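Inspection log for the structure reproduced underneath, given as structure tokens.
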Amino acid sequence: MDKTVVNVYEGKLSAEGLKFAIVCSRFNEFFVSKLLSGAIDTIVRHGGRPEDISVAWVPGSFELPFACRKMIQKGSFDAVIAIGVVIQGATTHAAQINGQVSKSIAQVGLETGVPTIYGLVTTENIEQAIERSGTKAGNRGADAAL
Ligand code: INI
């Protein structure tokens, strides 16, 4: 596209000078810690400073939107990243969490004006969670940070 004749709005993949909050769920921490490492690694590799990254922990993914909002209200972050892993069990519990959390994370971003990024892995089983936490399907935390 010829950028001299049109206005193009697009992001730059630079984290230089930016402050990030990463809100993580302790539920399925085995996977969440891998996603968190991926997110931090991506920010730092794009020029962000480790000291400009704050990490908050909540019990489960359901609590992520609330904590994202609190971090935005209490801090001065350029973006907030929510990280969690919801694995389907024998009941509809996971579906209930997923539906509400995705909507609420979008709502936090829209209401506060601070980019609030959805970095959740929602899977049918543990194998799919492994694949998305740093193995054959990449690292969803790194993707969210990007
Ligand atoms: N929280 C998760 O982050 N992942 C899950 O897989 C999960 N499951 O399956 O139960 C989960 N449950 C806890 C939930 O997020 C809340 O912390 C809890 O309901 C208290 O509000």
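Read the figures in this text as sums done on the coordinates, not as results from a lab. This is a predicted model, so every value here is computed, not measured. Glycine also receives a Cβ, built like all others from the backbone with ideal geometry; neighbour counts cover every protein chain displayed.
Residue-wise HN-Hα couplings along segment 19-30, as the Karplus relation 6.51 cos²θ - 1.76 cosθ + 1.60 with θ = phi - 60° gives them from phi, are 10, 10, 10, 10, 9, 10, 8, 6, 5, 6, 4, 3 Hz; Gly and Pro carry x. Tilt of helix 93-112 relative to the longest C-alpha principal axis of the chain, in degrees (0 to 90, nearest 10)? The angle comes out near 20 degrees. With helices as the sole contributors, the chain gives -13000 deg cm²/dmol at 222 nm; each DSSP H run of n ≥ 4 counts as -39500 (n - 2.57), and the sum is divided by every residue. With a simple spin-label model that places each label point 7 Å from the Cα along the Cα-to-Cβ direction, the separation between Glu127 and Leu110 comes to 3.7 nm. With neighbour counts taken as other beta-carbon atoms within 10 Å, the residues Thr91, Thr4 rank, fewest first, as Thr4, Thr91.
For Ser54, the residues whose modelled amide H falls within less than 5 Å of its own, excluding neighbours fewer than 5 places apart on the same chain, are Phe20, Ala21, Ile22. Couplings for segment 41-53, taken from phi via the Karplus curve 6.51 cos²θ - 1.76 cosθ + 1.60 with θ = phi - 60°, read 4, 5, 4, 5, 5, 9, x, x, 9, x, 6, 9, 10 Hz in order; Gly and Pro are left as x.
Residues Val32, Val44 in ascending order of nearby Cβ atoms (within 10 Å, fewest first): Val44, Val32. Need one number: the % of Cα-Cα pairs in segment 58-104 sitting beyond the 14 Å mark. Within segment 58-104, distances greater than 14 Å cover 52 percent of Cα pairs. Looking at the chain alone, DSSP beta bridges between its own residues are antiparallel in about 10 percent of cases.
Along segment 114-130 the Karplus relation, 6.51 cos²θ - 1.76 cosθ + 1.60 evaluated at θ = phi - 60°, assigns HN-Hα couplings of 9, x, 10, 9, 8, x, 9, 10, 10, 10, 7, 7, 5, 4, 5, 5, 4 Hz to successive residues, with x for each Gly and Pro.
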